[in-house]
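A.B. asks: Can you keep this structure in mind? I'll have questions shortly.
Bear in mind that the values in this text are calculations on the coordinates, not laboratory data. Just so you know, these numbers come straight off a predicted model, no measurement behind them. Here the Cβ positions follow ideal geometry from the backbone for every residue, glycine too, while neighbour counts run over all protein chains shown.
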Amino acid sequence: SSPFAVAAIDLGATSGRVMLGVVDHGRLELVPAHRFENRLVRRGGHLCWDLDALWAEIRQGLADAHDLAVVRGLGRLSSIGVDSWAVDYGLVGPDAVGADGTPVPGSGERLGEVIAYRDSRTDGVADEFARKVSRERQFALTGIAQQPFNTIYQLLADDRLAELPAGSALLMVPDLIGYLLTGERRTELTNASTTGMLSVTAREWVPELLEAAGVDRALLAPLIAPGEQLGTVRPELASVLGIGEAPVIAVGSHDTASAVLAAPASPAAALENAPVAYISSGTWSLIGLELAGAVPSGPALAAGFTNERGIDGTFRVLKNVAGMWLVSESIRQWEDEGAQVDLGDLLEAAASVPGGRFRIDPTDPAFLPPGQMADRVMAAARPVTGEQHGDHEDGPERRSAHPRSPAELVRCILESLAETYRDGLHTACRLAELPLPSRLHVVGGGSRNALLNQLTADALGIEVVAGPMEATALGNIAVQARALSAVPSPDGAIRELIRASVDLETFSPSSTRAPRASA
Ligand code: LRH
């Protein structure tokens, strides 16, 4: 079969990209077509996503991807897939009725802004909801950790729901993009599970939770699973963009689902029945295990673990840890204050300041909102117990009880992350009643952070396999390739394809306690 091209639309909380995926004889090649920034904007008193700007970038990206495919002799795009961060949604009105009296697909108006999960409208809402349905019951029904930003709590805080015209729909961000592309309204399964309203045992909504959240069942579009075809690009749009009427295929539209699919676990591990241990490292660090079933147990609830649906019926038993958000938001503060910060330089400096001095709790919800992050981390940092910090000494040389320089602050963040990863993986294994695996896969943009990878390997005492960096786009493309019959269906085939397509770097635990700067 000849090589062909697909496009992955992959939206992250700080940046988005449209990637061309070339599927060629058992290999995937990723070619960046268009990258763009994504920022939180303040509108109508809320933190929002600039959906119109994102949609303009996506259209540009698709046109660019099409051009790239044609230049490379691959013909038009064979399909398109969309993923983004989880939990956020848009509201769309009914499709307008055309001159011939039938609804025009894709013509429904977006009703208001897409409010971002870091907005404060959900403050206290999870507690309010727990008075209607206990936390234990919610967890047993859904398996989903009760994070303040879950869609269900956003919906309870959404005063627009009461005034929606008949025929409106709630569409998760990737589903909203899918609707703009095709005119079809669906809810993709992996992302649906992050709403906190989907059953952990069946592919259906939990009526009791919808009712308690005040959500009309009719607002929810029918479910669609990764690999199923959503529709085709609307003819008017295809002609404006100069691309063909390509199929749009549902992928793991929750970015973390796509990223974990692209964790390049070895066939040997699969044979030994060892679950894949991973960190999907980006704005968030999602640490856990991929399992065949969920663990919606009391201990899992107590430990703050969640059970998110993955591709092919898998579950991700994982914990949300504030990841590179802590670093990127700190940098944003320093830049707002006039400093020029280069991440590479900063990490290098962080590798050479003394370690083991300060800790924060990167799972603390206090780090959720944006703004003044460096100050907040500084204030939260505690000296590592058992260490003397010489505060009793006099003179300018004395060491402070708080990290002071950006390098010290970043060192504190990374060491705290590594220890939280260690505890998180141990807890995941305890919950799943499995031994600690011999290998941890770090995928996503954060996998480039050599210092953090080494700290993680040292904290856990196991091998850290770093990469691929563009795991989410690769997972997105792999599901499209399989839907187009370019990858065999059996379990593990996608991971073999990924392994054949990427370069990985392995970090072994160092014998000395002092972590290396890079490897
Ligand atoms: C990562 C992510 C994560 C969710 C959060 C809202 O991008 O999708 O899995 O918990 O964003």
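A.B. asks: Which GluC sites (Glu not before Pro) from segment 255-314 combine a DSSP loop assignment with at most 15 other Cβ atoms within 10 Å?
C.D. replies: Sparse-neighbourhood loop GluC sites (Glu not before Pro): E272.
A.B. asks: How long are the semi-axes of the equivalent ellipsoid of segment 92-185, taking √(5λ) for every eigenvalue λ of the Cα gyration tensor, in whole Å from largest down?
C.D. replies: Computed over segment 92-185, the values are 32, 13, 12 Å.
A.B. asks: Take the alpha carbon gyration tensor of segment 295-334, find the square roots of its eigenvalues, order them as a ≥ b ≥ c, and report rounded if a/c is under 1.5; if not, report prolate when a/b exceeds b/c, else oblate.
C.D. replies: Oblate.
A.B. asks: Under the 0.36 nm per residue contour assumption, what length would be gained going from the current alpha-carbon distance of V240 and E463 to full extension?
C.D. replies: 75.4 nm
A.B. asks: Which of the peptides 90-99, 166-175 is most tightly packed, and how do the rest follow, going by the mean number of other Cβ atoms within 10 Å of each residue?
C.D. replies: Per-residue Cβ counts within 10 Å, averaged per peptide and sorted highest first, yield 166-175, 90-99.
A.B. asks: Report the net charge of residues surrounding N476, where surrounding means a beta-carbon distance below 12 angstrom and charges are Lys +1, Arg +1, Asp -1, Glu -1.
C.D. replies: -3
A.B. asks: Moving on. Taking amide H positions as placed 1.01 Å from N in the peptide plane, with prolines and chain starts having none, which residues 5 or more places from D50, or on another chain, fall under 5 Å of its amide H?
C.D. replies: HN-HN under 5 Å from D50: R39, V41.
A.B. asks: Now for a separate question. I need the Kirkwood Rh of segment 413-466: take the reciprocal of the average 1/r across all distinct C-alpha pairs and report it in angstrom.
C.D. replies: Here the Kirkwood hydrodynamic radius works out to 11.2 Å.
A.B. asks: Sticking with this structure for a sec: Between segment 242-263 and segment 59-107, what is the C-alpha centre distance in whole Å?
C.D. replies: Rounded to whole Å, the Cα centres lie 12 Å apart.
A.B. asks: Provide the three semi-axes, in whole Å and in decreasing order, of the ellipsoid equivalent to the chain as defined by the square roots of 5 times the Cα gyration tensor eigenvalues.
C.D. replies: Calculated on Cα positions only, the semi-axes equal 37, 27, 23 Å.
A.B. asks: Compute the distance from the alpha-carbon center of segment 360-379 to that of segment 146-184, in whole Å.
C.D. replies: Segment 360-379 and segment 146-184 have Cα centres spaced 28 Å from each other.
A.B. asks: Suppose R0 equals 45 Å. What FRET efficiency, 1/(1 + (r/R0)^6) with r the Cβ-Cβ distance, do R72 and A96 give to the nearest 0.05?
C.D. replies: After rounding to 0.05, the efficiency reads 0.70.
A.B. asks: I've got another one for you. With each pseudo-label sitting 7 Å past Cα toward Cβ, what's the L504-H46 distance in nm, one decimal?
C.D. replies: With each label point 7 Å from Cα toward Cβ, the separation is 4.2 nm.
A.B. asks: Can you tell me which of 406-414, 296-304 comes out highest on packing, and rank the rest after it, using the mean Cβ neighbours within 10 Å?
C.D. replies: Highest-to-lowest ranking by the protection proxy: 406-414, 296-304.
A.B. asks: Then there is this: Suppose we keep just the alpha-carbon trace of segment 98-144; what are its Rg and Dmax in angstrom?
C.D. replies: Spelled out, the Cα radius of gyration and Dmax of segment 98-144 are 18.7, 52 Å.
A.B. asks: Turning to a different aspect of this structure: Rounding to the nearest 20 debye, state how big the charge dipole of segment 32-81 is about its Cα centre with +1 on each Lys and Arg Cβ and -1 on each Asp and Glu Cβ.
C.D. replies: Charge dipole, segment 32-81, about its Cα centre: 80 debye, nearest 20.
A.B. asks: Tally the DSSP beta bridges in the chain and give the antiparallel ones as a percent, rounded to 5.
C.D. replies: 75
A.B. asks: Next question. Rounded to the nearest 500 deg cm²/dmol, what is the calculated helix-only ellipticity per residue at 222 nm for the chain, with -39500 (n - 2.57) per DSSP H run of length n ≥ 4?
C.D. replies: The per-residue figure over the chain is -10000 deg cm²/dmol.
A.B. asks: Starting with the highest mean, order 225-232, 17-24 by the number of other Cβ atoms within 10 Å, averaged over the residues of each peptide.
C.D. replies: Peptide ranking by packing, descending: 17-24, 225-232.
A.B. asks: Tell me the GluC sites (Glu not before Pro) within segment 420-519 that lie in a loop according to DSSP and have at most 13 other beta-carbon atoms within 10 Å.
C.D. replies: When the GluC sites (Glu not before Pro) of segment 420-519 are filtered for loop state and at most 13 Cβ neighbours within 10 Å, E433 remain.
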